[in-house]
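Q: Have a look at the structure that comes next, please.
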There are 2 protein chains.
Amino acid sequence: VVTASSGNHGMACAYAAGETRVPLTVYVPAGASALKLEKIKSFGARVIQVEGDCLQAEIQARADAQNNNKRYISPYNDLQVMAGQGTIGRELLTEGQTLDAVFISVGGGGLIGGVGAWLRQHSPHTRIYGCWPENAPAMGHCLERGEIGEVDESDTLSDGTAGGVEPGAVTFDVCKQVIDEHVYVPEHAIAKHIQQFARRERMIIEGAAAVAVAALEQRAPNLKGKRVAAILCGRNIAFDTLMQVLNN
Amino acid sequence: VVTASSGNHGMACAYAAGETRVPLTVYVPAGASALKLEKIKSFGARVIQVEGDCLQAEIQARADAQNNNKRYISPYNDLQVMAGQGTIGRELLTEGQTLDAVFISVGGGGLIGGVGAWLRQHSPHTRIYGCWPENAPAMGHCLERGEIGEVDESDTLSDGTAGGVEPGAVTFDVCKQVIDEHVYVPEHAIAKHIQQFARRERMIIEGAAAVAVAALEQRAPNLKGKRVAAILCGRNIAFDTLMQVLNN
C-alpha cells in the first residue's frame, strides 16, 4: 500500500498497516514535521520525502502505486476516507444538544467534506465554516474561482492543511455543497491560540487545529448565545515550532 | 461546603459545586499553582490561601467547617473520596488483559488507596508501587515508621502530592495494606519526564504525574515483558514551571 500525507493521515495509515502487517510506503512533502516522520517510521512504514508540497507527494505516491501495482490511499481524495472522517460529525451530535455552527480547518477537504455531509443530513441548520490560514488558502480560493488550480502559498504554522488540491479531487464538489462560509486567519492568530491552549487548557495543539479556533474567535461576535464547536484536528506540532511559539 | 486541596481536588469540588449551585470554600496551601487557583475561582468557588502546606490548609478548612456548621470534604481522608478515585482501578482492568504492575503517585493516599483496594480484590497479583519525589516523601516515610508524623520536605515539581498527612487519616491503614513497594525519584527525573511527554506524546503533564512515570522508569529493568501502567494523575502544572522545564 502507498499513501501520501503531510503527517496525520500518514500516521493513521502507518498505525493501521503496522497492526495488520501490511507493508506501507508514505510519501511526505519537504516541510512535514520531523515528529510526524518519526512516528510514521516507528510504526514500521517506509517514508519517502519529496521536493515540494503535499500535492507533489500525492502525485509521486500515485505514480509509484500505478507503476508497481500497489494500492494507493489518498489522504482526502477518496470517498471512504472522507466518510471515516465524517464520523466526527456524528460524534458532534451525540451530545444530544443542538449545534449551531462548526469551524473546521480545510486542507484537501476530506475532514470538512465528511463532517459536512453528515451534518447536512442530520442537522441541516448547523452553519459550517471552512477555515484556512491566509498564507495557505488553496481549497478556499479554488472554491471561490469555481475550479481546482494553482494557488500561491507561503509558510504557515498550519503545515497539516498546507498544499495544493489534486486535480479531479472528489472533495471539491462536496466542499462546494457543504461549506457555508470561508474564514481566513493570519499567522499571529494561529500562534496566539497554540499558546493559549497550552496556557489555559494544558493541551498541545498543532497549527491546523489552532486555525479553526482562530477562525471561531474572528467570527465570535456574530455567534453570541449559539452552541458552537471547533474541531481540534491534531496535536503533532514540531517541538521546536511549539517552543518558538510558547517563548514568544 | 468547605474543602482543602493543593489543586486538583479543589478543582473537582469547585466544578461539582458550580453545577449543583452549592456555595464552596477551598483552602489552599501557599505553594498551590496559580493556574489551579484561577480554575477553582472560575467555577465560582471562594479560595482562601493559607501559610504552610496542604496539611495546614486541611486543618484550617476543618476548623472553619466545625465552627460554622458546614460540611468538610477531605481531599483524601474520606472513604467515599477514596472509593471515587478507586474507579480508576476498575478502568485499568476493563482493557480485558492482565495487569502486572501499576505505579501511582502518593500524596494523602486517596488515589492509591482507592485504586489499590479495587485491584487487591479484582486482580490480586498486580504489584502496586507507591511513588514519591525524594523531596516530599511524607506518607512513604510515615508508612516505613509505622505511624503518621512529621516528615521533612523541600521544594518539589510534584506540588500535587507534597505536604504532610493528617493525623488519624483513614488512608494510612489502607496504604499499609495495598502498597507493595515504595519508589522515590529525584527532581531531575521528574523534570525529564515532563519534558519527554511534551516532546514525544504532545501531552502536558504535571509533576505528580511525572513522578509515577519516573518511578516506572527506575524499576523498568525488573519489569521486562510485563504489562505495566502508570497513572497520569493531572496536567495542571504552572505555566512558568512548565516553560522552565521545557527550556532546560
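Q: Where does each of A:S105, A:S42 land when they are ranked from fewest to most other beta-carbon atoms within 10 angstrom?
A: Ordered by Cβ neighbours within 10 Å, fewest first: A:S42, A:S105.
Q: Considering only Cα-Cα distances, which of the following residue pairs are longer than 31 Å: A:K224/B:K41; A:K192/B:K70; B:K41/B:K226; A:K39/A:K226; A:K176/A:K224; A:K39/A:K192?
A: A:K192/B:K70; B:K41/B:K226; A:K39/A:K226
Q: Can you tell me the orientation of helix A:207-219 relative to chain A, as the angle in degrees between its alpha-carbon axis and the longest Cα principal axis, to the nearest 10?
A: 20 degrees
Q: Any idea which of B:T171, B:N222, B:G234 is furthest toward the positive side of the dipole for the range B:169-248, if Lys and Arg beta-carbons carry +1 and Asp and Glu beta-carbons -1?
A: Of the candidates, B:N222 comes out farthest on the positive side.
Q: Given H placed 1.01 Å from N in the peptide plane, which residues other than close sequence neighbours of B:I48 have an amide H under 5 Å from its amide H?
A: Amide H to amide H, under 5 Å and 5 or more residues apart or across chains, B:I48 pairs with B:V26, B:Y27, B:V28.
Q: Considering only B:N135, B:V213, B:H182, whose Cα is most displaced toward the positive end of the charge dipole of the range B:131-248, charges sitting on Cβ of Lys, Arg (+1) and Asp, Glu (-1)?
A: Toward the positive end, the furthest listed residue is B:V213.
Q: Then there is this: From the helices alone, meaning DSSP H stretches of at least four residues, give me the mean residue ellipticity at 222 nm for the protein assembly as shown, per-run term -39500 (n - 2.57), in deg cm²/dmol to the nearest 500.
A: -14000 deg cm²/dmol
Q: Percent of Cα-Cα pairs more than 33 Å apart in chain A, please.
A: 15 percent
Q: Under 5 Å between amide H atoms, partner at least 5 residues away or on a different chain: which partners does B:V185 have, H built in plane at 1.01 Å?
A: Amide H to amide H, under 5 Å and 5 or more residues apart or across chains, B:V185 pairs with B:W132, B:E134.
Q: At B:G168, label 7 Å along Cα→Cβ: distances to the other copies, nm, ascending?
A: Counterpart label points of B:G168 in the remaining copies fall at 8.0 nm.
Q: Just to check, using Stokes-Einstein with a Kirkwood Rh over alpha carbon pairs, what's the diffusion coefficient of the protein assembly as shown at 25 °C and 0.890 mPa s in µm²/s? Walk me through the intermediate numbers first.
A: On the way: Rh = 24.9 Å.
For these conditions, the coefficient is 98 µm²/s.
Q: Related question: Might you report the magnitude of the Cβ-based charge dipole of chain B about its Cα centre, with Lys and Arg at +1 and Asp and Glu at -1, to the nearest 20 debye?
A: Computed charge dipole of chain B: roughly 900 debye.
Q: Using a Gaussian network model of chain A with C-alpha springs under 10 Å, which one of A:F172, A:F43, A:F103 is most mobile by mean-square fluctuation?
A: A:F43
Q: Then there's this: Per-residue mean of other chain beta-carbon atoms within 10 angstrom of the beta-carbon, peptide A:192-202? Write out the running numbers ahead of the final one.
A: Numbers: counts 0, 0, 0, 1, 0, 1, 6, 4, 5, 2, 11.
For peptide A:192-202, the averaged partner shielding equals 3.
Q: For chain B, modelled as a GNM with alpha-carbon contacts under 10 angstrom, which of B:G18, B:G86, B:G108 fluctuates the most?
A: With Cα springs under 10 Å in chain B, the top fluctuation among B:G18, B:G86, B:G108 is at B:G18.
Q: Take the eigenvalues of the Cα gyration tensor for the range B:16-92, scale each by 5, and report the square roots as semi-axes in whole Å, largest first. Spell out each step's value before the answer.
A: Working: eigenvalues 88, 51, 46 Å².
Over the Cα atoms of the range B:16-92, the semi-axes work out to 21, 16, 15 Å.
Q: Turning to a different aspect of this structure: For the range A:87-171, report the translational diffusion coefficient in µm²/s to the nearest whole number, using Stokes-Einstein at 25 °C, 0.890 mPa s, and a Kirkwood Rh over Cα pairs. If you can, show how the numbers build up before the last one.
A: Numbers: Rh = 13.7 Å.
Using the Kirkwood radius from Cα pairs, D works out to 179 µm²/s.
Q: Test of understanding: in a Gaussian network model of chain A with alpha carbons linked when under 10 Å, which of A:Q97, A:Q85, A:Q49 would top the mean-square fluctuation ranking?
A: Its mean-square fluctuation being the largest, the pick is A:Q97.
Q: Right, something else. On a C-alpha basis, how far is the centre of the range A:50-69 from the centre of the range B:66-106 in Å? Whole number, if you could?
A: 52 Å
Q: Roughly what angle does helix B:8-20 make with the longest principal axis of chain B, taking Cα atoms, 0 to 90 degrees, to the nearest 10?
A: 50 degrees
Q: For the range B:138-197 and the range B:25-39, compute the distance between their C-alpha centroids and round to whole Å.
A: If you average the Cα positions of each part, the centres end up 20 Å apart.
Q: What list do you get for B:K226, A:K224 if you sort them by fewest beta carbons within 10 Å?
A: Listing B:K226, A:K224 from fewest to most nearby Cβ atoms yields A:K224, B:K226.
Q: If you fit an axis through the alpha-carbon atoms of helix B:110-122 and take the longest principal axis of the Cα set of chain B, what angle between them do you get, 0 to 90°, nearest 10?
A: The answer is roughly 50 degrees.
Q: Still on this structure, please answer the following. Just rank A:E95, B:E153, fewest to most, by other beta-carbon atoms within 10 angstrom.
A: A:E95, B:E153
FYI, it's all coordinate maths here, none of it is from the lab. The structure displayed is predicted, hence computed values, not measured ones. Note that each Cβ is placed from the backbone with ideal geometry, even for glycine, and that neighbours are counted across all protein chains shown.
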